[in-house]
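Trainee: Got a structure here, written out as structure tokens. Questions coming.
The values are calculated or read from the model by the stated rules, or taken from the named source; none is laboratory data. All values derive from a computational prediction rather than experimental measurement. FYI the Cβ positions are ideal-geometry reconstructions off the backbone, even for glycines, and counts take in every protein chain you see. These accessible areas exclude ligands, DNA and RNA; they are computed on the full protein's heavy atoms, side chains included. Shrake-Rupley method; radii C 1.70, N 1.55, O 1.52, S 1.80 Å.
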Amino acid sequence: MLGTASQVPTRQRAQNGYLLRWDGTGLLFDPGEGTQRQMLLAGVAASEIDRICLTHFHGDHCLGVPGIVQRLSLDRVAHPVHAHYPASGREYFRRLRNATAFYEVADLREEPVHDDGPVATGDFGTLTARRLEHSVESFGYRLTEPDGRRMLPDRLAAAGITGRFVREVQRAGFVEVDGRRVDLADVSEVRRGQSFAFVMDTRLCDGVFALADGVDMLVIESTFLASEAELARHVGHLTAGDAGRVAAECGVRTLVLTHFSQRYTDPRCFSEEAAAAFGGEIVVAEDLSTIPMPKRR
């Protein structure tokens, strides 16, 4: 959690910025103003960034882009960095990328998001975007790891499979042992892939529920409390109660609330309001905190 404030920073909270460490892949979401310094305080190197994902082009979600882009070149990050953002904001991204003079050597590859659907696939799984409802075009993101298989030692032993035969059954899906065919399904079970969703500025809409459906962790804006629900709808935002409802209806495991209005000083209010609808784990995000993904089911 590099920054957790909405619109303007406060003494306790910087503007948005979120780094997801997903095995060997680093995804930086919505770097607001000051993200580069927050990375320094959090011990995050520019070389950890593989993808930059912007939900929309309001300043608190993208004014950190110039510093991040220039840092990639300053540190001579050797691998390509992919940038995903709403295609309608291509001109905004161009301006942010070229905000000042600098010597660009990093390989930054722009991949604008035009509509719902997958935007990237790789060893990390599939990164998908879904359209949200805000005052400007906005997309949320979901990262889903493919299902794998967990080998079961007792069944392997019972089937007489050891050593290289374990690798063979994993590779081919079956193995011949003493004239018997043993299928992978006989000695393993499905290991469900983990999933993560990132939902920022939006009203409740179909895209929110599609992104959050069954995820292990949902990072979601809860800009307002229910007392300002009418204002939230008017300006295209969620309340903590909305976030709790989404988590409950979608079967989310860990709910992370963030993007708080500066009008509130007691973060416990957000947790209490969300808990009225959602009985699972709730985390009220704090700047520079690290939130682990829940263990596999």
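Trainee: Amide H to amide H under 5 Å from LEU238: which residues, 5+ apart in sequence or cross-chain, H placed 1.01 Å off N in plane?
Mentor: Correct list: THR202, THR223, PHE224.
Trainee: Provide the percentage of antiparallel DSSP beta bridges, counting only those with both residues in the chain; round to the nearest 5.
Mentor: Counting only bridges with both partners in the chain, antiparallel ones make up about 55 percent.
Trainee: Sticking with this structure for a sec: If the label point is 7 Å along Cα→Cβ of VAL166, which residues in segment 183-198 have backbone nitrogen under 13 Å from it?
Mentor: Hits in segment 183-198 for VAL166 at 13 Å: 188.
Trainee: Follow-up question, since we're still on this one. Which cross-chain or sequence-distant (5 or more) residues have an amide H under 5 Å from the amide H of TYR18, H modelled 1.01 Å from N in plane?
Mentor: So TYR18 has HN proximity to LEU2, PHE29.
Trainee: Now for a different question. Can you put THR290, THR254 in order of accessible area, largest first, using a 1.4 Å probe?
Mentor: THR290, THR254
Trainee: Among the trypsin sites (Lys or Arg not before Pro) in segment 46-152, which ones are in a DSSP loop with at most 15 other Cβ atoms within 10 Å of the Cβ? Mind listing them?
Mentor: In loop regions of segment 46-152 (DSSP not H, G, I, E or B), the sparsely surrounded trypsin sites (Lys or Arg not before Pro) are ARG76.
Trainee: For a test of the definition: using alpha carbon positions, the gyration tensor, and the 1.5 limit on a/c, classify segment 1-126 as rounded, prolate or oblate.
Mentor: Rounded shape, in that the Cα axes give a/c under 1.5.
Trainee: Using 0.36 nm times the number of residues separating PHE102 and ARG180, minus their current alpha carbon distance, what extension gain do you get?
Mentor: 21.5 nm
Trainee: For VAL81, what residues show an amide H to amide H distance below 5 Å, using hydrogens built from the backbone and excluding near sequence neighbours?
Mentor: Hits under the 5 Å cutoff: ASP107, LEU108, ARG109.
Trainee: Roughly what percent of Cα-Cα pairs across the chain reach past 35 Å?
Mentor: 26 percent
Trainee: Follow-up. Please get the size of the charge dipole for segment 193-297, origin at its Cα centre, with Cβ charges of +1 on Lys and Arg and -1 on Asp and Glu, quoted in debye to the nearest 20.
Mentor: Its charge dipole is roughly 320 debye.
Trainee: Follow-up. Just in segment 219-297: which GluC sites (Glu not before Pro) are loop by DSSP and have at most 16 other Cβ atoms within 10 Å?
Mentor: Taking segment 219-297 and a limit of 16 other Cβ atoms within 10 Å, the loop GluC sites (Glu not before Pro) found are GLU286.
Trainee: Determine the shape class of segment 14-69: with a ≥ b ≥ c the square roots of the Cα gyration tensor eigenvalues, call it rounded for a/c under 1.5, and otherwise prolate if a/b is greater than b/c, oblate otherwise.
Mentor: In terms of gyration-tensor shape, oblate.
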